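Single-structure report; data block below.
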Amino acid sequence: MTRTGLILLAAGGSLALLMGAFGFQALGYAPCKLCLWQRWPHAAAVLIGLLALWSPRLWLPALGAIAALTTSAFGLYHTGVERGWWQGPDTCSSGPVGGLSTDELLDQILTAPLIQCDVVAWEFLSLSMASWNMLISLGLAAVWVAAAWISRQDERPEHASR
């Protein structure tokens, strides 16, 4: 595959994931704070893809790979919060209820976020949206790396004379 094809695939993949996220949101699955964090690197990857199609610079596909790896890392973090592997942000997760007085429990309920990062809203094949984002974004990062590799090969002196 060509550099252009790889860039279109990688940036298009990020655009498809973004559109999927907005589609789920339109269906009533409101995004939590960590869901929103995962969207920004995809938006950056789409913009990087547009720039990379216009410019042959080697660092643009490498930057696209960094964006894909960033959203993948956010997806891993979010998956860990959903699965209870680690604690999420205080503004996004439900707290323990054991040992609280009635007033403390009521206060916790009233101040709890409406959308919680530690609750899986939707899953397919036992994987949440955050988990799917993590896995697909890892694949997109590999595509970006391949595009960077082709860019690097094209910049080598023996290819310049062709």
Subject >> Unmet requirement for Asp103, which otherwise passes all of (1) among the acidic types (Asp, Glu); (2) under 30 Å from Gly13 (Cβ atoms); (3) at pLDDT below 80 >> reply: (2)
Original post:
Is at least one residue of region 41-50 at pLDDT 90 or above, closer than 21 Å to Ala142 by Cβ, buried (at least 21 other Cβ atoms within 10 Å of the Cβ) and of a type in the set (Gly, Ala, Ser)?
Top reply: yes
Original post:
Of the residues that sit in region 51-81 and are more than 20 Å from Leu18 (Cβ to Cβ) and not hydrophobic (A, V, I, L, M, F, W, C), which one is surrounded by the fewest Cβ atoms within 10 Å (Cβ to Cβ)?
Top reply: Ser55
Original post:
So which pairs qualify, if the first residue must be in region 7-23 and closer than 18 Å to Leu135 by Cβ, the second must be of a type in the set (Phe, Trp, Tyr), the Cβ gap must be under 8 Å, and the two must be at least 6 apart or on different chains?
Top reply: Ala10/Trp144
Original post:
So which helices (runs of 4 or more DSSP H) are wholly in region 1-101 and hold at least 2 residues that are among the polar types (S, T, N, Q)?
Top reply: 3-26, 59-83
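The values are calculated or read from the model by the stated rules, or taken from the named source; none is laboratory data. None of these values were measured; they are calculated from a predicted model. Neighbour counts are summed over all protein chains in view; Cβ atoms, including those assigned to glycine, are modelled from backbone coordinates with ideal geometry.
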